[in-house]
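Working notes for the structure below.
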Amino acid sequence: MDITALSSSMSLADVNSQVGVAVLAKNLDTIETLGDGMKKMMEMSVNPNLGANIDVQV
């Protein structure tokens, strides 16, 4: 096998690996964001009026 072809092939494999890792990292960020939103929705469903009204008396 030619050294240049091997080098090119290994470089392409490295780029593919880096792209895969970047996509997975972005996916993880998206899932964490969705999880935070789900957590807030669940908290609001338990106490939907929590913090909606403030009693002020002097």
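Checked across region 47-56, the condition of being in a helix (DSSP H, G or I) and either of a type in the set (Ser, Thr, Tyr) or without any contact (Cβ under 8 Å) to a residue 24 or more places away in the chain (or both) holds for no residue. Looking across region 30-58, the residues that are β-branched (Val, Ile, Thr) and modelled with pLDDT under 80 come down to 46, 54, 58. Just one of the numbered conditions (1) assigned to a helix (DSSP H, G or I); (2) loosely packed, with under 10 Cβ neighbours inside 10 Å; (3) not acidic (Asp, Glu) is not true of residue 38: (2). Report whether or not residue 4 is out of contact with any Leu (no Cβ under 9 Å at 6 or more places or on another chain), exposed (fewer than 10 other Cβ atoms within 10 Å of the Cβ) and of a type in the set (Ser, Thr, Tyr). Yes, satisfied.
The values are calculated or read from the model by the stated rules, or taken from the named source; none is laboratory data. Keep in mind it's a predicted model, so treat the numbers as computed, not measured. FYI the Cβ positions are ideal-geometry reconstructions off the backbone, even for glycines, and counts take in every protein chain you see.
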